[in-house]
Amino acid sequence: MKVQHHKIVIIGAGIAGAALAHRLGLLGYTPLVIDKRGIAKGASGAAGAFVSPKIGKGSTLQQLTNQAFDIAKDFYRRYTPEHFFQSGIIRIPKNNEDAQKFAAYAAHNIANYRTLTPQALHEMGIKAVFESFFFPEAGVCEASDVCHRLMQETPLLSEEVYSLQQEAETWKLTTATRTLTATHVVLCTGYEDRLADLSYMGIRGTWGTRADFATKRSIPYTMHQSISISATHNGIVKVGATHEKQITTPIPCDETQAQRLKTKAADLVDSDDFQLVRSYCGMRSGSRDFFPLVGKVIDVEYMLQTYPKIVRGAVAPLRHLKGLYILGGLGGRGFVFAPLMAKWLSALMLEETPVPDTVNPDRLFWKWARKLEIRN
Ligand SMILES: Cc1cc2nc3c(=O)[nH]c(=O)nc-3n(C[C@H](O)[C@H](O)[C@H](O)COP(=O)(O)OP(=O)(O)OC[C@H]3O[C@@H](n4cnc5c(N)ncnc54)[C@H](O)[C@@H]3O)c2cc1C
């Protein structure tokens, strides 16, 4: 049987793979996307998909997140308007201590926000006792629909990629039914990192649950405190998320988590009539330093064999695996980061435009290599 060759193959059809496929489509390319479970069946299908800015004291991660938020809200409004509800998001302090921090955060907020008093919040039916921030441009995506919409022009192969091997200038991918080759391969595989040696990136999974409830109440705005509660849409309110680091492989969704979310929701809104419609769960992935992972993949074996002294702190020229890339480590903000990260990665792949150091996985290599010496 003739082996099919593709210029670009993306492995993973979550929001990372979908945003990249969409971006490449706009630039005139038709990548093949391969996912063992179909579109948005990993973390992306579970996400509450709240698209909001980050608050804080102006850290680099906050600045990057807010840059990504600025792109994301316009992206979803433009390309998936029927699946993005720009309901505005209220950020509510958890307690007295948190409220004091909010005062320091104000100077680092994105420009378009305002402060809501506890009285204004009470008038909206929100049980909050502290001044809160309101971001009117923030909103909520219908996670699965957004991914499907972004991939509507993209061919999809629903199979697991078992192996990925470099052969001269191409990559050979093997699934249960076929072998195919590609010039560029992008790993958008979320928390799963076994197709290449990505150990230096420190990819970790965190298990999370979200629950959708039917309600007769009308909740006008999305809000976030220790959990997130969406504005009601078609009689449904989305409540997310619990996060559990000790769960390392996916387990069936547990209804008790959903009930716990309902109990927590009662701290903010009247949730008596919330009837569970469905709970979702999934494993989101983060990097060692919580920044996204966007760029080329280092040839770890070559580096360690050719420059054994790097484990003792020596520096050597980095060699990457030609044509292999990653777009991942999006943490709890995949829907915020994906559009900007897809833009940066496509510019790297097609024009060799470097990605910013903050997201380039190379940043994690040297420290990881030195730790190998300590471990041995
Ligand atoms: C409960 C919960 C709530 C969340 N809430 C929000 C939120 O409000 N806002 C927000 O922005 N983010 C949120 N997140 C985070 C967000 O979901 C993730 O950051 C995002 O979905 C990551 O997308 P991804 O495409 O990188 O990974 P995934 O969606 O996990 O996609 C990876 C895909 O790769 C496929 N795959 C892996 N290995 C292979 C292989 N060998 N062959 C073929 N296919 C393979 C998998 O099947 C999977 O579909 C939440 C996450 C959870 C779990």
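The values are calculated or read from the model by the stated rules, or taken from the named source; none is laboratory data. From a predicted model like this one, the values you see are computed outputs, not experimental measurements. All Cβ positions, glycine included, derive from the backbone under ideal geometry; neighbour counts span all protein chains shown.
Residues in region 43-69 that are among the β-branched types (V, I, T), in a helix (DSSP H, G or I) and within 11 Å of the ligand (Cβ to nearest atom): T65 alone. Examine region 4-14 for a residue that is polar (S, T, N, Q), out of contact with any Lys or Arg (no Cβ under 9 Å at 6 or more places or on another chain) and touching a residue at least 12 places away in the same chain (Cβ under 8 Å), and state whether such a residue exists. No, region 4-14 contains no residue that is polar (S, T, N, Q), out of contact with any Lys or Arg (no Cβ under 9 Å at 6 or more places or on another chain) and touching a residue at least 12 places away in the same chain (Cβ under 8 Å). Restricting A196, A211, A241 to those that are in a loop (DSSP other than H, G, I, E, B) and touching a residue at least 40 places away in the same chain (Cβ under 8 Å) reduces the list to A196. The number of residues in region 172-191 being within 13 Å of the ligand (Cβ to nearest atom) and in a strand (DSSP E or B) comes to 6. Residues of region 25-42 that are closer than 18 Å to R178 by Cβ, buried (at least 19 other Cβ atoms within 10 Å of the Cβ) and more than 6 Å from the ligand (Cβ to nearest atom): P31, L32, V33. Look at (1) touching a Ser or Thr at 6+ places or on another chain (Cβ under 7 Å); (2) under 30 Å from Q86 (Cβ atoms); (3) not polar (S, T, N, Q) and you find that V161 fails only one, number (2). For residues that are within 21 Å of D197 (Cβ to Cβ) and in contact with a strand residue (DSSP E or B) (Cβ under 7 Å, 6 or more places away or on another chain), scanning just region 141-168, find the one that is farthest from the ligand (Cβ to nearest atom). Only one residue tops the list, namely Q166. Which of the helices (runs of 4 or more DSSP H) contained wholly in region 93-157 include at least 3 residues that are surrounded by 13 or more Cβ atoms within 10 Å (Cβ to Cβ) and out of contact with any Asp or Glu (no Cβ under 9 Å at 6 or more places or on another chain)? Where helices (runs of 4 or more DSSP H) fall fully within region 93-157 and carry at least 3 residues being surrounded by 13 or more Cβ atoms within 10 Å (Cβ to Cβ) and out of contact with any Asp or Glu (no Cβ under 9 Å at 6 or more places or on another chain), they are 96-105, 143-150. Of the helices (runs of 4 or more DSSP H) lying entirely inside region 296-376, the ones with 2 or more residues being among the aromatic types (F, W, Y) and touching a helix residue (DSSP H, G or I) at 6+ places or on another chain (Cβ under 8 Å) are found at 334-351, 365-375. From the list S199, S218, the lone residue that is farther than 30 Å from E97 by Cβ, in the same structural domain as A266 (by TED's automatic domain parsing) and surrounded by fewer than 22 Cβ atoms within 10 Å (Cβ to Cβ) is S218.
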